[in-house]
Every structure is written in structure tokens, then in C-alpha cells.
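Visitor: Input: one structure, supplied below.
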Amino acid sequence: FDSTYSAYYQDRQKGELKQPLVYESDIQVQLVNDEGKNPLRCIWSGSKSVFIIEKAIPKLENEEEMTEDSISPDSKLHFKEARAPMPLAVMKARQLISWYTMAHNPNMPQLVNASSPAVVLPPVWVRCDSSDPEGTCWLGAETIRTDSKVTGINFHSVTCKGPVIGKASFINLDELKKAHKGRHHSSTVTTKGYAQYDLFGSTVVESSIIESQSSVVVDFTWNNVENILQTPPLTSAATLNIRVGSGDQRSPVYHLFKELEFLIVLAEGLKTGETDWPEPLETKTAVELVRALIEDLKNKFDVYQKQPAKESEKIKSDAASVEGSIQTAFVTDRGDLDFAEQLWSRMRRSVASYRDVVDSLTLVIQALKFGDIQPWIHRGSSSSLSKLIQQSYHGSMDNFSFTGLAPIRMLLEVGLDKMRKDYINYFIGQELTTLNYLDYFLSSSVDVQEQVQRLKKLHHMLEIVVNCNAFLNLAHEHLFPLTQSCLQFYKKHPYSEEHVFHLQIRPSVISSFYQNEHPQTWRVEVSSGHGQKEVKTTWQLSGKAPVEHVGFDIPDIPFETTINGEDEEPAYFTTMISCSQVHFM
């Protein structure tokens, strides 16, 4: 056991082996390092690396020849069911746990592979079929260490039942303490509570968050639990876990997302040579709108005061026109759009083809070349069009070729310039950061594709902050550290809407979102002993089955039911995790 598992563990650590280890022909061993893929994440928060042992999944006939296109829907369902995790018999699981224990026992050197130094293995967890009277669904073991020396083993046993409804079906806290004291012969115990609430699923915001890809879950921990399903006290430690997806039509910055979306279309066209033009949002053509803008300048209208305000109103109406969109004072659109930005705002809503881009930009370049207009632009604008405008002030301009992808690049550069200033307006205007911290995301010295990716990250950060402000009413004192956390993450990592951002917060700030709600997970730990001799008994309630390899008789009822207009108690699964120890002399 020691040499086989040690070799597999070392190969996985080196990245030389990714497939599960098949042991005794019918047992599969897999090292899980990714917390998101750990099947124990709902019930256990120990080591990040664990061995998962289960029954080996048999290969289906002609499995190697199967492709995504060659499998029928029924076959896909059968294939998925056949690949589902499979448990071992409880007696076999106990045998594997005992082998793990003996392999780490320094008093049994005959079991250690003499040809290689002993390796301390990660915790091991075995899926069980609940065939024993207790209904055991997991058995686990992990080493107890003093410095680098293994001095004992912690054993874990998990049972799960449910779903059940009503507190009368639950064990009470005194019974749980009594069971722990009897098992571990302890006279005093301490308790620690944990609860998790889905804030975006609460009745306070559920009317505005519908089928959203975003989620905000809050975790509470506190000491001295008073009763089962106790609402977390205001003295609890609370952490928001925030995952936000861009593009929700109810978002206060949805109009900016659509703008970024068009920018990405142009960038993709520049990369591939083919552009998938979106449907125009204007009834007038791009050429008509651009000609009207030029005529306004020719007729010497006060565009610096009137047109920006008009444009700002137009953009706001875009956001407000989406049914159910959420408005917030946090989002204030700019009113100082220069000529290039006004040009972009018209073209991104009306361009429907490559020819539209060429014809519209040709009108602008000709008007500049003949001195018909001398438009104002922001200082520091870096687009090629802005440079031509600056040259036109002096009566001479470089020649510009309207061939190939040059017109697409020119329009893309104008959009990048405009959207950089938009994000500066939001983040700096709300005093969430400084230009120094934004410098990495605003740089125009990197490849244009990378510039687009960095703006995409900025937009995702804005979505996160705006959602927390609009839906949870978080103030600046909370939005500022959240923004800093996002900035630090995105300087080092690629774009990801799956990443969960964390924010420490006082429970009183969000009390209205959880105090009258049911938790989706609630847990109490009863513990005794200290240091390495500490032992715990954990009892947990969860709205979803925490074990995937055991079948439950689940009635056709929702998590929360409503009868006669009143909320009934939800259906919960109960999980008991018992701990015991052995210490080596």
C-alpha cells in the first residue's frame, strides 16, 4: 500500500501522471488538488490535497471510438450514469483505512518500502455504500504530525440521511453534546457554529435577480452555539463570496457591456479577418449619423456643451429601456464626450458592415483634410484618428489608407480610448482606486488584443462592484477593499467569471438579507481536547444532498414550500461527521 500509493503521489506531484491509479483491478485512487473538484467540499474543510478511493469505473464497449457527435442523447445519459462515482463496501473501506494507518505507523517498519524513503501521504477518503447499520457513506483518515514526524491518525466517519422537514426531526444540541462526551470520555466541550446563506436568493432581492449568472453567498462562523439552526449572531465573523457574470440585462452597467461587446467583435475581426456584425440599434445608417455629426460641427453648434449632454441622455435611455434593469446613483455617465467619442457612440450603434466603417470614416477624414471641421478631442488620446485630428489643426495630415483591416483598427482604437475614460470615470469618480492602480489595465503600449482583454477585466470588476452596491447596498467602506482585491487578482490572472472574490463584512450591514431567511447550509462542531488531541463531532444541515454516490428518496418538493401563504420549514439533509484518534507510542 505504502509503496504503490507513494509512487503514484510523487508522480502526480511532478505532473507526470494524471490518470487515476487502479488498485487490485476494481479500486480506483485519485489525487484531488483542486478544491472546486473535491467531492468533500460540502462537509469537510481539511487539507487541499486528498486521495479519493472508490470502485473502479468499468470501461464501456467501444469507449475509445466514441466522439461527441457520434453519441445519441440517450447514449450520453447512459454514459454519464455509467461514469458516476461508485462506492465500495464499508468493510473494504475499513480495510483500506487500516492499511493507510499501518503504512504510517513507525512501529511497523516491515510495512515501509525499504528501497525508498517513507512519504507522508495526504488524507485518504473512501466512498462507502452505506451498507452498515449506521449508514456510513464516507470513511477518512489523515496523519497527525509533530514537526515532520507522524505521531498518530485522525479517523473520520460520515453518515447522511434525508431529506427531513421540521426541527422535531433533528437531534437537539444537548443530545449532540452528550453523544460526543460519551464517545470521547470528555467532561467539557466547546461549540462552534457555521451557516451559509444565498443573498441573491433571498426574498429581499429575488424579484430583481432572475436566472442570473451571479451569486453572492455569505458564510458565518461563531462560537458558543445556543441551539440547532440558530440564526448567526451579529458578533459572528462573516465573509461574502462573490461571483458575478457580465451581461445581465438588469445590471446598471449593461449598456457599457454592450459597448464592450462591440469592441470585442472588432478585435476578433482584426484577428481573424472576418467580422460578425451585430444587428444595428439605430434606424438611420451609420453614414447618415456621421454626416449629421459633421454638419453639426460645420454649422458651429455648441457641441461641447449640447451634444455631450444629448449623448449622455441617449446612453442612459439605452440602459433604462431594458425591462427590469436596476438603476443606482453609483453609476454616473460622462457628459464630456469629445468628437472621436461621439463618433464611436454613433458608429457602434449603427455599423452593419465593413463598407459602413469605410464610408463613415472617409467622411470624417475628408472633412478634416478640407478644413471643414476642427473638432475638439481629449488631451492624451492615443488613437490614430485622434492623431490625424491633432495634425489637422496645423493644416497638414498624414495619408490614411482605407484598405484591408486599417479602418477596423482605427474604429477599434477610438473605442478603446473612449472606454478607458469611461472606466476611469467610474472607478476614480467613486474614489475606489487611483490612476496608478489602474495603469496596468489602461496601458495602450501593449498589443491591441491584450488591451481589449484588460478592458474586459476592468468591466468585470465594475460589474462586481456595481452589483454589490445596487443589490446589497454596500457602501464605499466595503466597495473600496473589494475593488482592491479585484485589481490584485486581475493583474496576475486571466479573465474568469467563475472566480469567487471574498470580502470580510460586519453581519449588521447585511442583516436584512438573511435574518428572516433559511440557511442553505447550517453546521455545528462540538469539540473537546486541545492541539493535536482535539476531537470533533460535526452535525450539518444542507438543502442539497452532500453525497453524490448514495441514493436518497427525495420527494418532489422544493427546498422551501409555501402553504396557506406562510413559509414552511425547508427540507434538509442531515450529515454527522464523527472523529476518533489513534496515537503511536
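Visitor: In segment 379-443, what is the volume of the convex hull around the alpha carbon atoms, normalised per residue and reported in Å³?
Guide: Output value, Cα hull per residue: 88 Å³.
Visitor: Between Asn107 and Lys161, what's the calculated FRET efficiency when r is the beta-carbon distance and R0 is 30 Å? Round to 0.05.
Guide: E(calc), rounded to 0.05, equals 0.20.
Visitor: Continuing with the same structure: Quick one: dipole size for segment 335-477, taken about the Cα centre, charges +1 on Lys/Arg Cβ and -1 on Asp/Glu Cβ, in debye to the nearest 20.
Guide: My answer is approximately 300 debye.
Visitor: At 0.36 nm per residue, minus the direct Cα-Cα distance, what do Ile264 and Lys533 gain on full extension? Give it in nm, one decimal, please.
Guide: Full extension from Ile264 to Lys533 adds 91.1 nm.
Visitor: For a protection proxy built on the mean count of beta-carbon atoms within 10 angstrom, sort 339-347, 523-531, 93-101 highest first, please.
Guide: 339-347, 93-101, 523-531
Visitor: Using 0.36 nm times the number of residues separating Lys492 and Gln449, minus their current alpha carbon distance, what extension gain do you get?
Guide: Length gained between Lys492 and Gln449: 13.8 nm.
Visitor: Further question: Whole-Hz Karplus ³J(HN,Hα) for segment 498-504, in order, using 6.51 cos²θ - 1.76 cosθ + 1.60 and θ = phi - 60°, x for Gly and Pro?
Guide: Calculated HN-Hα couplings, in order: 8, 5, 9, 9, 10, 9, 6 Hz.
Visitor: Oh, and also: Just to be sure I understand the curve: with the Debye formula and one point per C-alpha of segment 342-382, what is log10 I(q)/I(0) at q = 0.17 Å⁻¹?
Guide: Reported log10 I(q)/I(0), two decimals: -0.56.
Visitor: Between Ser485 and Val120, what is the FRET efficiency for a Förster distance of 22 Å, r being their Cβ-Cβ separation, to the nearest 0.05?
Guide: 0.05
Visitor: Quick one: which residues, 5 or more positions from Ile27 or on another chain, have an amide H under 5 Å from its amide H? H modelled 1.01 Å from N in the peptide plane, none for Pro or chain starts.
Guide: Placed amide hydrogens put Ala56 under 5 Å from Ile27.
Visitor: Over segment 462-549, what percent of the accessible surface lies on carbon and sulfur atoms, probe 1.4 Å?
Guide: Solvent-exposed carbon and sulfur of segment 462-549 make up 47 percent of the total.
Visitor: Right, another one. Rounded to the nearest 0.05, what FRET efficiency do Asn224 and Leu435 give with R0 = 51 Å and r taken as the Cβ-Cβ distance? Could you check?
Guide: 0.60
Visitor: Of the cross-linked pairs Lys37/Lys177; Lys369/Lys418; Lys167/Lys536; Lys149/Lys181; Lys92/Lys536, which ones have a Cα-Cα span greater than 27 Å in the structure shown?
Guide: Over 27 Å Cα-Cα: Lys37/Lys177; Lys149/Lys181.
Visitor: Once phi is turned into ³J(HN,Hα) by the Karplus curve 6.51 cos²θ - 1.76 cosθ + 1.60 with θ = phi - 60°, what whole-Hz value does each residue of segment 506-511 show in order, with x for glycine and proline?
Guide: Once θ is set to phi - 60°, the couplings for segment 506-511 become 6, x, 4, 5, 10, 4 Hz.
Visitor: Counting only heavy atoms of the protein chains, get the accessible area per residue of segment 433-551 (1.4 Å probe) and round it to a whole Å² value.
Guide: Per-residue value: 44 Å².
The values are calculated or read from the model by the stated rules, or taken from the named source; none is laboratory data. Since this is a predicted model, take the numbers as computed values, not measurements. Cβ coordinates were reconstructed from backbone atoms using ideal geometry, including for glycine residues, and neighbour counts include every protein chain displayed. Surface areas here come from the heavy atoms of the whole protein model, side chains and all, with no ligands, DNA or RNA. Shrake-Rupley method; radii C 1.70, N 1.55, O 1.52, S 1.80 Å.
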